[in-house]
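To start, I am sharing the structure in question, which I have written as structure tokens.
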Amino acid sequence: MDLRAVMGRRGRGREANRLTGLVDSNGFEVPTVPTWMRWLPPAYFVFVLLLEFVTPTQWAVSFLLIAVPVLAAFGFGPVGVAVVTVCAVGLEAVLAGTPCCTGHNIHELWGNNYVAAYISTGVVGVLGVALAGHRQRQRRQLVRANSVAEALMRTLLRPVPHRVGSVLAAGLYRSGEVGTTVGGDLYDIHDTPAGERAIIGDVRGKGLQAVRTVADVLGCFREAVYAPGDLLEVASRMERRLVREAAEIPDDELFVTAALIEYDAGAHQVTIINHGHVEPVLISGGEVTVLSGPPALPLGLGRLAAELPTAYTHRFAPGDVLLLCTDGLVEARDQAGDFYPLLERLGDRFAGRPAPGPADVIDFLDTDLPRHTRALHDDVAILAIAPRG
């Protein structure tokens with residue numbers, strides 16, 4: 001499965017946020033524990049030993065070992081915590097009754113204070129074992145939830161094939177929330193009898209309601225693109241579906257900004273209907289231009305307009321790349337608060353060079369966007385297409 005198309009490949013910086021690790025017996029991926037957490041108990045043992053040798057004899061430094069099981073619970077499982085607890089009690093006994101190294105008398109081994117320390121360490125160890133077991137269960141539940149969310153998003157945003165009819169295509173998706181894969185942006189492309197038809201959109205709102213709307217919009221689009229009628233009829237069907245969706249929720253402010261695309265290979269032109277969405281960008285002959293046209297209200301708000309949406313066309317020939325994106329890309333800010341300069345960056349990268357392919361454009365944005373902004377505050381969806389030939 002092409003993760004670049006499904007989950008936007010998440011970028012090098014975002015891949016670090018993804019839960020990775022071993023696969024358990026149920027087939028779920030278990031996140032690995034950072035190495036430094038596993039080294040905490042040994043390092044703490046060394047620290048206590050060094051402190052024992054540099055402090056006066058009457059100072060019972062070994063009591064500090066009571067905290068070791070808690071440290072182990074963050075990096076080890078229940079068995080590991082139990083082993084560390086036994087080691088901690090043993091080291092306490094060694095430090096309590098070793099006259100040659102610590103200056104203590106061997107008879108102090110069973111002193112009331114030291115016995116209390118052994119018992120306290122054992123009690124903390126039992127709690128640490130329970131904590132480690134609870135942490136592992138929560139971790140697996142998190143992985144299961146993440147797996148379900150990822151499977152859901154893969155179902156909604158299907159992989160973008162490298163070839164779709166007479167065009168080449170590539171997609172990128174990034175969620176604006178770290179650790180999540182479900183968002184309110186959408187894209188899709190299909191080879192239909194009328195030509196290659198694509199959509200990119202952004203649902204108002206976030207969370208599960210936005211995901212529900214994404215599912216409705218994509219489902220309606222995938223059915224409408226194969227039905228008789230032009231691109232305006234596709235938009236009309238989606239408008240009616242969103243109106244019904246808003247009535248069912250109910251939500252009087254439900255809408256989706258979207259750009260609908262239809263490519264005519266014989267005429268070498270693309271037809272566009274823009275419902276309040278970010279305007280498509282054309283990379284042609286080393287120049288980057290915005291394909292502006294008659295605006296229309298977002299899908300779901302068509303009843304507020306006095307006129308029907310208007311489609312407009314533009315030449316789209318081999319060697320050109322059409323870029324569709326959501327506002328999460330153009331509104332990504334750097335540390336100074338400046339928006340991502342999409343046209344400028346594309347011009348700097350592709351001006352005066354051989355015609356890029358859709359994958360080249362996606363690869364560039366996938367690496368360049370993290371350089372501009374350290375953290376995304378909105379979902380980003382990008383779809384790039386180019387005529388074959």
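Could you tell me which GluC sites (Glu not before Pro) in the stretch 306-389 are loop residues by DSSP with no more than 13 other beta carbons within 10 angstrom of their beta carbon? Intermediate results must be reported in sequence, preceding the final value.
Values: sites: 307, 331, 344; in loops: 307, 331.
Sparse-neighbourhood loop GluC sites (Glu not before Pro): 307.
Same structure, new question: Under a 1.4 angstrom probe, counting protein chains only, how are 279, 223, 248, 262 ranked by accessible area, largest first?
Ranked from most to least accessible, the order is 223, 248, 279, 262.
Further question: Beyond 18 Å, what share of the Cα-Cα pairs of the stretch 144-249 is found? Please give it as a whole percent.
Working: 2848 of 5565 pairs.
Looking at the stretch 144-249, the distances longer than 18 Å represent 51 percent of pairs.
Here's a follow-up. Restricting to Cα pairs below 8 Å that are 6+ residues apart, what does the relative contact order work out to for the stretch 278-329? Please round to a whole percent. The partial results should precede the final answer.
Numbers: 55 pairs, mean separation 25.1, N = 52.
About 48 percent, as a whole number.
How large is the dipole of the stretch 212-283 about the Cα centre if only Lys and Arg carry +1 and Asp and Glu carry -1, each at its Cβ, rounded to the nearest 20 debye?
Values: 6 positive and 13 negative charges, 36 e Å.
That gives the stretch 212-283 a dipole magnitude of about 180 debye.
Given that compact globular proteins tend to follow 2.2 N^0.38 Å, what is the ratio of the alpha-carbon Rg of the chain to that value? List each step's numbers first, then the result.
Numbers: Rg = 30.0 Å, N = 389, 2.2 N^0.38 = 21.2 Å.
Taking the Cα Rg and dividing by 2.2 N^0.38 Å, one obtains 1.41.
Can you put 83, 330, 217 in order of accessible area, largest first, using a 1.4 Å probe? Intermediate values should be presented prior to the final figure.
Details: 83 80, 330 40, 217 5 Å².
Per-residue accessible area, sorted high to low, gives 83, 330, 217.
I've got another one for you. Any chance you could give the angle, 0 to 90 degrees and rounded to 10, that helix 78-96 forms with the longest Cα principal axis of the chain?
Result, in degrees: 30.
Right, something else. Please identify every one of the trypsin sites (Lys or Arg not before Pro) in the stretch 125-170 that sits in a loop by DSSP and has no more than 15 other beta carbons within 10 Å of its own beta carbon.
Numbers: sites: 135, 137, 139, 140, 144, 154, 163; in loops: none.
Nothing satisfies the criteria.
Another question, if that's okay. Based on the alpha carbon coordinates of the stretch 198-297, what radius of gyration and maximum Cα-Cα distance (Dmax) apply, in Å?
According to the Cα coordinates of the stretch 198-297, Rg and Dmax are 14.8, 48 Å.
For residue 330 and residue 47, compute 0.36 nm times the residue count separating them, minus their Cα-Cα distance, and round to one decimal in nm. Spell out each step's value before the answer.
Details: separation 283, 0.36 × 283 = 101.88 nm, distance 5.13 nm.
In short, 96.7 nm is gained.
Through the Karplus equation 6.51 cos²θ - 1.76 cosθ + 1.60, θ set to phi - 60°, convert the phi angles of the stretch 290-297 into ³J(HN,Hα) values in whole Hz; use x for Gly and Pro.
8, 8, 7, x, x, x, 9, 5
So, with +1 on the Cβ of K and R and -1 on the Cβ of D and E, and no other charges, what is the size of the charge dipole of the stretch 341-389 about its Cα centre, to the nearest 20 debye?
160
Antiparallel DSSP bridges in the chain: what percent, to the nearest 5?
Details: 53 of 55 bridges.
So the antiparallel bridges in the chain amount to around 95 percent.
Treating the beta-carbon of each Lys and Arg as +1 and of each Asp and Glu as -1, no other charges, what is the dipole magnitude of the chain about its Cα centre, to the nearest 20 debye?
Working: 34 positive and 42 negative charges, 222 e Å.
Dipole magnitude for the chain comes out near 1060 debye.
So what does residue 158 come to for accessible area, using a 1.4 Å probe and Å² rounded to 10?
Accessible area of residue 158: about 120 Å².
Helix 112-156 versus the longest principal axis of the chain: what is the Cα-based angle in degrees, 0 to 90, to the nearest 10?
10
For every helix of n ≥ 4 consecutive DSSP H residues, a contribution of -39,500 (n - 2.57) applies; sum these over the chain, divide by its total residues, and give [θ] at 222 nm rounded to the nearest 500 deg cm²/dmol.
Only helices count here, giving -13500 deg cm²/dmol.
Would you check the accessible area of residue 350, probe 1.4 Å, heavy atoms only, in square angstrom rounded to 10?
Rounded to the nearest 10, the figure is 10 Å².
Measure of size requested: the Rg and Dmax of the stretch 337-389, with Cα atoms as the atom set and Å as the unit; please supply both.
12.3, 41
Starting from 0 in steps of 10 Å, tell me what percent of the Cα-Cα pairs of the stretch 275-314 lands in each bin.
In order of increasing distance, the bins hold 27, 43, 22, 8, 0 percent.
The values are calculated or read from the model by the stated rules, or taken from the named source; none is laboratory data. The shown structure was predicted, so the numbers you read here are calculated from the model rather than taken from an experiment. Counting neighbours? That spans all protein chains shown, and the Cβs are built from the backbone with ideal geometry, glycine included. When the accessible area is computed, the model is the full protein with side chains, heavy atoms only, and any ligands, DNA or RNA have been set aside. Shrake-Rupley method; radii C 1.70, N 1.55, O 1.52, S 1.80 Å.
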